[in-house]
Amino acid sequence: MTDLSDVAAALRRIDPDRRHGRVVAVRGALIAVEGLMGAARIGSRIRIQSPAGPVEAEVTGLERSVAHCLPFSDPQGIASGAHADLIAGQFTLRPSDQWLGRIVDGLGRPIDARGPLPPGGQPMPIKAPPPPASARSRVGAKLETGVTALDLFAPLCRGQRLGLFAGSGVGKSTLLSMLARWTACDVAVIGLIGERGRELGDFVADDLGADGLQRSVVVCATSDEPALMRRQAAWTTLAIAEYFRDRGRNVLCLMDSVTRFAMAQREIGLTGGEPPTTKGYTPTVFAELPRLLERAGPGLPGQGSITGLFTVLVDGDDHNEPIADAVRGILDGHIVITRRIAERGRYPAIDVLKSVSRTLPQAHDAEQNRCRDAARQLLLTYGDMEEMIRLGAYRHGTDPQVDSAMLRAPQIEALLHQPRHEPRRAAEAFAALAKLLEEPDGDPL
C-alpha cells in the first residue's frame, strides 16, 4: 500500500493549472481573484462569470496569492466563488484603413451600429512606448487651423502637441470641434474620454459631419463607464493614431479630455491602495501622463506624425492646479481659454497673452512675427490700463502708446472674434492685422 505522504509529495511536484481561479472578495469596484498565482501579471486579462454574462477585467495589483482586478463594465451580479478565467496575451488592437468613419469603445469594439469591424493586420499593443527620443524626426511645417487667434498668436505645427486649458462651460469643446473640422491632416483620431454621453451624437453630426467622419476614427468612453474603460480609451486613441502614423500618414489626434484620464487613473490608484497626494491624485497619475502624451509627436524618419491637441479641464478656473501644471510642462504649448473673455462675448475665448506655442518664432516669418509682437504689445498695454480707462482716470494724449492701444485693442479683439462655422485663412488674417496696425492713429474717444 502506497504511503499517503508519498502521494502528497507527488501532488506538490505537479505544476497546477493556473488558468482558472475564483472570486474571493468584491469591495466596490475591486474584485479579488484567488488561484492565479504565478500566472497572472499586471495588465493580464480576466474573464469573470456572472448571471448577467461574462465580465472582462484587468489585473491591476497582486498580493500574495490574490490578484486584484478592476472590471471594464458594471460588476453587478458577480458573487463570491464566481469562476474566473485567465485570458492569454495582453490587450491588443488590429486597426486598418477600414476603421475610418467608425466609432469604437475603449477596447476597440464598434459602438456605431454598423456591424463588426473588418479584421486588421498585425496586432499592436494598446499601451506602447513612444518612439526613442534620439531617433524621432523634428516638428514639421506650420498647419493652418482656420482659427484666427491660433494662426496669428499661437501657431500649430505638424507633430506639435498643444493643450487647450479651460474651465467648464467656456467653449473648450467648441474650439476642439472647430479644429477637428478645419485643421489640415490625412487622418483624425478623436478620443472623447469621460465626457457627457449626449455629446457623441452632437459632435459627430454637427461638428464632424459626414465628410469629417470619413477621415476620422472616434473613440468614446462616457463619464458613466468604469474608470478602467475611461483610461483604456485614452490609450486606444493613441494606439490607433500610431497605426496610421507608422504608415506615413499625418495624423491629427484630439483628446477631450486629459483631465478625465487623470481622474480615472486616480480612481484606479486609490482603489488599489495608493496614497493620495496633491488634491487626492495618486503618484501613478503623474507617471502615466507623460507616458500617454509623449506618444504623440513626430514619428521616426520615413513615418508620419501625430499632431496632438489635448483639452485640460482646469479645476475651479485655477490654471495652476496639479493636472494643468503637469500637462503644461509636458506639451509643446498651451492655449488658455478664460471665462472673463467668454463673458465679454468674444469666441473663441482664447487669451492670446497667456497662450504660448513653443514653435515660435520659427513658425512665422519675419513680417508675421513683427505683426504678432506689435499686436501683443498693444493688447498688453490696454490690459494694464483698462481699469483706469473704464473709470475715466486716464486723459487722452497723456501717453501716445496708451492712446494707440485704446484705438486698436478693440479692433484686434473684433478680428479675433470668429463664429464656429466660419474658418478664416491665415494669410487673410495676417493681412487684416497688418492693415489694422498701419492705420494712422486717431482719437479713440
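The values are calculated or read from the model by the stated rules, or taken from the named source; none is laboratory data. Remember, predicted model here, so these are calculated numbers, not experimental data. Cβ sites come from the backbone with ideal geometry, for glycine too, and all protein chains shown count toward neighbours. Protein only, heavy atoms only, side chains kept; ligands, DNA and RNA dropped before computing areas. Shrake-Rupley method; radii C 1.70, N 1.55, O 1.52, S 1.80 Å.
Quick notes on this one:
- Checked against the criterion of being in a strand (DSSP E or B), touching a residue at least 24 places away in the same chain (Cβ under 8 Å), within 17 Å of the chain's Cα centre (by Cα) and surrounded by 24 or more Cβ atoms within 10 Å (Cβ to Cβ), region 167-185 contains not a single residue that satisfies it.
- Residue check, D85 more than 22 Å from A239 (Cα to Cα) and touching a Pro at 6+ places or on another chain (Cβ under 8 Å): no
- If you go through region 415-445 and keep only what is assigned to a helix (DSSP H, G or I), touching a residue at least 24 places away in the same chain (Cβ under 8 Å) and within 30 Å of D206 (Cα to Cα), you end up with L415, L416, A426, A429, F430.
- Single residue of region 330-383 satisfying the filter (part of a loop (DSSP other than H, G, I, E, B) and among the acidic types (D, E)) that is nearest to the chain's Cα centre (by Cα): D332
- Some residue of region 336-346 being closer than 22 Å to P276 by Cβ, in contact (Cβ under 8 Å) with a residue 12 or more places away in the chain and surrounded by fewer than 22 Cβ atoms within 10 Å (Cβ to Cβ): no
- Scanning region 19-43 for residues that are at pLDDT below 90, under 30 Å from E225 (Cα atoms) and not hydrophobic (A, V, I, L, M, F, W, C) turns up R19, H20, R27, G28, G35, R41, G43.
- Residue that is surrounded by the fewest Cβ atoms within 10 Å (Cβ to Cβ) [pool: residues in region 324-334 that are in contact (Cβ under 8 Å) with a residue 24 or more places away in the chain and either over 25 Å from I240 (Cα atoms) or not β-branched (V, I, T) (or both)]: R328
- Residue in region 412-422 that is open to solvent by 80 Å² or more (accessible area, probe 1.4 Å) and aliphatic (A, V, I, L, M) present: no
- The residue of region 93-121 that is surrounded by the fewest Cβ atoms within 10 Å (Cβ to Cβ), among those that are of a type in the set (A, V, I, L, M, F, W, C) and under 20 Å from G209 (Cβ atoms), is A113.
- Among residues of region 32-87, those that are open to solvent by 70 Å² or more (accessible area, probe 1.4 Å), within 12 Å of G21 (Cβ to Cβ), in contact with a strand residue (DSSP E or B) (Cβ under 6 Å, 6 or more places away or on another chain) and not in a strand (DSSP E or B), counted: 1
- Scanning region 276-299 for residues that are among the polar types (S, T, N, Q) and crowded, with 22+ Cβ neighbours inside 10 Å yields a single hit, T282.
- Residue in region 122-141 that is part of a loop (DSSP other than H, G, I, E, B), out of contact with any Lys or Arg (no Cβ under 8 Å at 6 or more places or on another chain), open to solvent by 20 Å² or more (accessible area, probe 1.4 Å) and more than 23 Å from N250 (Cα to Cα) present: no
- Filtered by the rule that a residue be basic (K, R) and under 15 Å from A426 (Cα atoms), region 371-393 gives a lone residue, R372.
Yes/no per residue for (1) open to solvent by less than 50 Å² (accessible area, probe 1.4 Å); (2) among the aliphatic types (A, V, I, L, M); (3) farther than 25 Å from Q160 by Cβ; (4) part of a helix (DSSP H, G or I):
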{"position": "D202", "(1), (2), (3), (4)": "no, no, yes, yes"}
{"position": "V218", "(1), (2), (3), (4)": "yes, yes, no, no"}
{"position": "M229", "(1), (2), (3), (4)": "yes, yes, yes, yes"}
{"position": "A233", "(1), (2), (3), (4)": "yes, yes, no, yes"}
{"position": "L238", "(1), (2), (3), (4)": "yes, yes, no, yes"}
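- Of all the numbered requirements in (1) of a type outside the set (G, A, S); (2) touching a Lys or Arg at 6+ places or on another chain (Cβ under 9 Å); (3) within 27 Å of S177 (Cβ to Cβ); (4) part of a helix (DSSP H, G or I), I412 misses one, and that requirement is (2).
- Some residue of region 300-323 being within 21 Å of W182 (Cα to Cα) and surrounded by fewer than 23 Cβ atoms within 10 Å (Cβ to Cβ): no
- Restricting region 142-158 to residues that are open to solvent by less than 10 Å² (accessible area, probe 1.4 Å) and in a loop (DSSP other than H, G, I, E, B), the residue that is farthest from L437 (Cα to Cα): T145
- Near pairs, Cβ below 7 angstrom, 6+ apart or cross-chain, from region 270-282 (on the phi > 0 side of the Ramachandran plot) to any residue that is assigned to a helix (DSSP H, G or I): K279/P322; G280/R266
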